[in-house]
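Undergrad: Structure below; questions to follow.
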Amino acid sequence: MTTLVEPEEHQALRKAVASFAKTHDGVDNRRMWQDAAKLGYIGVNLPEEYGGGGGGISELALVCEEMGAAGNPLLMMIVSPAICGTVISRFGTEQQKREWLPALADGSRLMAFGITEPDAGSNSHRITTTARRDGTDWLLTGRKVFVSGVDIADATLIVGRTEDARTGRLKPCLFIVPRDAEGFSRRKIDMELSAEEKQFELVLDDVRLPADALVGDEDAGLLQLFAGLNPERIMTAAFAIGMGRHALGRAVEYARERSVWGAPIGAHQAIAHPLAQAHIDLELARLMMQKAARLYDAGDDVGAGEAANMAKYAAGEACVKAVDQAVHTLGGNGLTREFGIARLITASRVARIAPVSREMILNYVSHQTLGLPKSY
Ligand SMILES: Cc1cc2nc3c(=O)[nH]c(=O)nc-3n(C[C@H](O)[C@H](O)[C@H](O)COP(=O)(O)OP(=O)(O)OC[C@H]3O[C@@H](n4cnc5c(N)ncnc54)[C@H](O)[C@@H]3O)c2cc1C
């Protein structure tokens, strides 16, 4: 029973973040990020001895969801504290931890994350960004695409691969690449998204990195990578639930007030029921997200993997549905700039595509959970 009900301290944190987000309406993202960091929200999952809050992904997801629900989402929370912060605190050297974690927590530095490649996409086993040794240095060469926030991030955690000297097989590994590293260039992608965080195509042309740019063990790449990808899925679910709640809230408010037949349009079941269904779907998605976060925080990476995938799927679908119904509820106003709901149509679709698409999650559940054969 108690595990299904949010503990009091989480409810209190939820309230505090919601009120913070409301008072920051209209404030630019950078200021909001720094103010949120000062209050301990951005680094809530990072270890206390490195300036964090000592909590887990459960708390970070809660912060992310409430920021979104208030209409002030912070996309880089999915990346900087959740993926990069987690990977560095779990696998980084003492020096990497000291250099990055306090700064990620206090908002003075930000880190982006790049895995997607033009010719790999959903199939990350096919990435070709390659690291080769040159003395004690590394030389990194490759291309990445759709990487968020590279312009505002002090460094990007790049997923590359090295060649195993014994077997010749390629192994994934993670490198911290500073924004101004020589040979590291970016081009902004013109997206149909009205978000402050931009997406970039990256070229790494023999980027020279010192030995300590490698995070974690060269031989345990896949395990370390997944330690960061599960939080990413949980956080994307939180982001989507927040956006869905925001859209739904605006629609409900409108449906209570708008009246064209003498009664508020919300009294018509054709308007009320789809909104009620959207609410139920968001609540269900949140339950799965909380399960995934708890499993992850309890150290069950395998259990968290399945739950995080299912949570991301459920949240993405619930978000798309809630936004669609919100736009419809507002009638013509649903498509105006003034009401600001139409722009969520494209934004909500991101949760269906990234960081892992709806189909790839269905593939995962088909194969891993149900034991069905693979088509690819
Ligand atoms: C706004 C935004 C921000 C992003 N930020 C980042 C970031 O910060 N860092 C980063 O590394 N990446 C980022 N991404 C990239 C994102 O993770 C990828 O877009 C996603 O992984 C899908 O890859 P793709 O676009 O190459 O699609 P593809 O892999 O080309 O897939 C295209 C379509 O084919 C389907 N498909 C592919 N394979 C199969 C299959 N086996 N079975 C059934 N269907 C299949 C997919 O489901 C999808 O519908 C971002 C993307 C967006 C849109």
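The values are calculated or read from the model by the stated rules, or taken from the named source; none is laboratory data. The shown structure was predicted, so the numbers you read here are calculated from the model rather than taken from an experiment. FYI the Cβ positions are ideal-geometry reconstructions off the backbone, even for glycines, and counts take in every protein chain you see.
Yes/no per residue for (1) among the charged types (D, E, K, R); (2) assigned by TED's automatic domain parsing to the domain that holds Val356; (3) within 16 Å of Leu62 (Cβ to Cβ); (4) buried (at least 22 other Cβ atoms within 10 Å of the Cβ):
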{"position": "Val203", "(1), (2), (3), (4)": "no, no, no, no"}
{"position": "Ala227", "(1), (2), (3), (4)": "no, yes, no, no"}
{"position": "Ile234", "(1), (2), (3), (4)": "no, yes, yes, yes"}
{"position": "His246", "(1), (2), (3), (4)": "no, yes, yes, yes"}
{"position": "Val252", "(1), (2), (3), (4)": "no, yes, no, no"}
{"position": "Trp261", "(1), (2), (3), (4)": "no, yes, no, no"}
{"position": "Ala293", "(1), (2), (3), (4)": "no, yes, yes, yes"}
{"position": "Ala298", "(1), (2), (3), (4)": "no, yes, no, no"}
{"position": "Ala308", "(1), (2), (3), (4)": "no, yes, yes, yes"}
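Undergrad: How many residues, within the stretch 172-195, are away from the ligand (no atom under 13 Å from the Cβ) and not in a strand (DSSP E or B)?
TA: Residues flagged as away from the ligand (no atom under 13 Å from the Cβ) and not in a strand (DSSP E or B) within the stretch 172-195 amount to 5.
Undergrad: Quick test for you: out of Thr128, Thr162, pick the one residue that is under 30 Å from Tyr364 (Cα atoms) and without any contact (Cβ under 8 Å) to a residue 40 or more places away in the chain.
TA: One residue alone meets the criteria, Thr128.
Undergrad: Ok, one more. Condition first: in contact (Cβ under 8 Å) with a residue 24 or more places away in the chain and either in the same structural domain as Ala240 (by TED's automatic domain parsing) or at negative phi (or both). Now tell me which residues in the stretch 45-54 satisfy that. Outline the logic, then answer.
TA: Residues of the stretch 45-54 that are in contact (Cβ under 8 Å) with a residue 24 or more places away in the chain, as a first pass: 45-47, 50-53.
Listed by number, the residues that qualify are Asn45, Leu46, Pro47, Tyr50, Gly52, Gly53.
Undergrad: Then there's this: Taking the stretch 25-38 only, how many residues are part of a loop (DSSP other than H, G, I, E, B) and either touching a Lys or Arg at 6+ places or on another chain (Cβ under 8 Å) or closer than 15 Å to Met76 by Cβ (or both)?
TA: Qualifying residue count, the stretch 25-38: 1.
Undergrad: If I filter the stretch 216-224 for residues that are under 24 Å from the mean Cα position of the chain (by Cα), of a type outside the set (Val, Ile, Thr) and at pLDDT 95 or above, do I get at least one hit?
TA: Checked against the condition, which is being under 24 Å from the mean Cα position of the chain (by Cα), of a type outside the set (Val, Ile, Thr) and at pLDDT 95 or above, the stretch 216-224 yields no hits at all.
Undergrad: Here's something else I'd like to know. Suppose we filter the stretch 362-376 for residues that are in contact (Cβ under 8 Å) with a residue 24 or more places away in the chain and near the ligand (Cβ under 9 Å from one of its atoms); how many remain? Working first, answer last.
TA: Filtering the stretch 362-376 for residues in contact (Cβ under 8 Å) with a residue 24 or more places away in the chain gives 362, 364-365, 368-369.
Subsequent filtering for residues that are near the ligand (Cβ under 9 Å from one of its atoms) retains 362.
Final tally of qualifying residues: 1.
Undergrad: Within the stretch 129-157, can you find the residues that are closer than 25 Å to Leu104 by Cα and assigned to a loop (DSSP other than H, G, I, E, B)?
TA: Across the stretch 129-157, the qualifying residues are Gly149, Val150, Asp151, Ile152, Ala153, Asp154.
Undergrad: Let me ask something additional. Tyr41 passes all but one of (1) without any contact (Cβ under 8 Å) to a residue 24 or more places away in the chain; (2) over 23 Å from Leu174 (Cβ atoms); (3) not in a helix (DSSP H, G or I); which number fails?
TA: Status for Tyr41: all satisfied but (1).
Undergrad: Continuing with the same structure: Tally up the residues in the stretch 335-360 that are assigned to a loop (DSSP other than H, G, I, E, B), more than 9 Å from the ligand (Cβ to nearest atom) and either at pLDDT below 95 or among the small types (Gly, Ala, Ser) (or both), please.
TA: Of the residues in that region, 2 qualify.
Undergrad: Separate question: With (1) part of a helix (DSSP H, G or I); (2) surrounded by fewer than 18 Cβ atoms within 10 Å (Cβ to Cβ) as the list, and Asn363 as the residue in question, which single condition is left unmet?
TA: Unmet for Asn363, out of (1) part of a helix (DSSP H, G or I); (2) surrounded by fewer than 18 Cβ atoms within 10 Å (Cβ to Cβ): (2).
Undergrad: I'd like the full set of residues that are part of a loop (DSSP other than H, G, I, E, B), within 11 Å of the ligand (Cβ to nearest atom) and at negative phi, limited to the stretch 103-128.
TA: Once the filter is applied, which keeps residues that are part of a loop (DSSP other than H, G, I, E, B), within 11 Å of the ligand (Cβ to nearest atom) and at negative phi, the stretch 103-128 yields Ile115, Thr116, Glu117, Pro118, Asp119, Ala120, Ser122, Asn123, Ile127.
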